[in-house]
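Enquirer: Below you will find the structure I want to go over with you.
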Amino acid sequence: MILVTGATGNVGRHLVGELLCADAKVRALTRDPATARLPGEAEVARTDEMPLDGVTSMFLNPAVFWTGLGDALERARDHGVRRIVMLSSSAALDDDPRNAIGAHHLEIERAIEATGLEWTFVRPGEFATNALAWAASIRAGEPVREPYARARSAPIHERDIAAVAARALLSDGLVGAKPVLSGPEALTHPEMVEIIGAAAGIPARFEEISPEQAREEMLSRPYMREGIVDALLRVRAEAVDRDVEISPEVERITGRPARTFAEWAADHF
């Protein structure tokens with residue numbers, strides 16, 4: 001049995017599908033099973049109960065444990081879980097203590113390593129799904145307002161993250177690995193907005209704003225904290241006019257090229 005935390009999230013939902021297609025037994029955790037809309041073949045349970053009987057492998061999404069892991073790792077080990085695949089972040093490569101995102105993921109990675117269990121840490125960079133925050137503005141004909149217009153990244157499709165995580169759970173080839181994942185191309189946010197507009201068949205505009213304006217807007221959103229906002233803005237600032245390293249890991253692990261941002265936009269718009 002494979003336990004998937006965050007099973008209704010952007011990655012978790014696709015991971016459940018990947019595992020079921022491989023005929024794996026899946027227990028999917030969600031805050032509200034009644035509204036989960038997961039495949040009937042999956043056993044659905046509540047996140048706060050986290051039933052571990054019969055579980056041998058576990059997909060851990062740290063967003064579910066943002067306030068702390070509690071005794072989750074000890075319970076997993078005591079119930080016979082042998083492997084943990086964690087949705088980490090490429091931010092974990094940054095040892096700057098100001099990077100709250102990297103520090104959070106590194107803390108959990110080290111806690112998992114200390115259990116003595118098998119592990120894999122999947123480290124994607126920018127999620128393409130972050131661009132869903134622009135959907136309302138684009139559809140309303142309003143500009144997408146972001147700082148650092150010349151910052152570049154290689155956004156990755158959530159389906160590719162799920163595909164890598166599935167292989168880490170289903171086979172032994174990624175035990176002890178920390179694959180860094182990216183999409184196949186480097187793009188600026190203005191270029192991403194243009195691609196979304198083309199996929200949606202509507203005009204889409206980008207408007208650059210100051211980091212100060214962006215910080216104020218980001219802090220007004222639910223679940224955004226100062227440390228996270230400051231880390232995100234610093235990463236964007238450092239990415240201005242910088243070459244982006246494209247990871248080959250999605251294709252190496254899954255046997256097919258990583259999906260483009262245009263493919264992601266066509267899937268969502």
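Laboratory data are not the source of any read-out in this text; all were calculated from the coordinates shown. What you see is a predicted model, and the numbers here were worked out from it, not measured in a lab. Using ideal geometry, Cβ is built from the backbone for each residue, glycine included, and neighbour counts are taken over all protein chains shown.
Enquirer: Taking 7 Å along the Cα-to-C-beta vector as the label spot, tell me the THR35-SER210 distance in nanometres, rounded to one decimal.
Expert: 3.9
Enquirer: Hey, another quick one. When a footprinting reagent is the concern and you count Cβ atoms within 10 Å, what order do GLU263, GLU251 take, fewest first?
Expert: GLU251, GLU263
Enquirer: Considering only PRO97, PRO155, PRO203, give the residue with the highest GNM mean-square fluctuation for the chain, with springs between Cα atoms whenever their separation is below 10 Å.
Expert: PRO97
Enquirer: Of the residues GLY68, GLY40, GLY102, which exhibits the maximal mean-square fluctuation in a Gaussian network model of the chain defined by a 10 Å Cα contact cut-off?
Expert: Greatest mean-square fluctuation among the candidates belongs to GLY40.
Enquirer: Let me ask something else about it. Want the number for ASP71 to ASP53: 0.36 nm per residue separation, take away the alpha-carbon distance, what's left?
Expert: Value of the extension gain: 4.9 nm.
Enquirer: Expressed as a whole number of Å, what is the distance separating the alpha-carbon centroids of region 227-269 and region 1-59?
Expert: Going from one Cα centre to the other spans 26 Å.
Enquirer: Right, next: Evaluate the distance, in nm, between pseudo-label points positioned 7 Å from the Cα of ASP241 and of ARG145 along their respective Cα→Cβ axes.
Expert: It works out to 2.7 nm between the two label points.
Enquirer: Dipole of the chain (Lys/Arg Cβ +1, Asp/Glu Cβ -1, origin at the Cα centre): which of LEU3, VAL85, SER220 lies farthest to the positive side?
Expert: LEU3
Enquirer: Over region 139-249, what relative contact order in percent results from Cα pairs under 8 Å that are six or more residues apart?
Expert: 46
Enquirer: In bins 5 Å wide, starting from 0, what share of all Cα pairs of region 155-258 does each bin hold, as a percent?
Expert: Final binned percentages: 2, 10, 15, 15, 17, 19, 13, 7, 3, 0.
Enquirer: Given bins 5 angstrom wide, list per bin the percent of all Cα-Cα distances in region 1-87, short to long.
Expert: Cα pair-distance distribution for region 1-87, in percent: 3, 16, 29, 29, 17, 6, 1.
Enquirer: Run the numbers on the chain and let me know its relative contact order in percent, using alpha-carbon pairs under 8 Å that are six or more apart.
Expert: 19
Enquirer: Of SER88, SER182, SER210, which is the most mobile in a GNM of the chain whose springs link Cα atoms less than 10 angstrom apart?
Expert: Largest GNM mean-square fluctuation: SER210.
Enquirer: Which ³J(HN,Hα) values in Hz, rounded to whole numbers, follow from the phi angles of region 123-129 under the Karplus curve 6.51 cos²θ - 1.76 cosθ + 1.60, where θ = phi - 60° and Gly and Pro get x?
Expert: Here the 3J(HN,Hα) series is 10, x, x, 4, 6, 4, 5 Hz.
Enquirer: Cα gyration tensor of the chain, axes a ≥ b ≥ c as square roots of the eigenvalues: rounded (a/c below 1.5), prolate (a/b > b/c) or oblate?
Expert: Here the chain falls in the prolate category.
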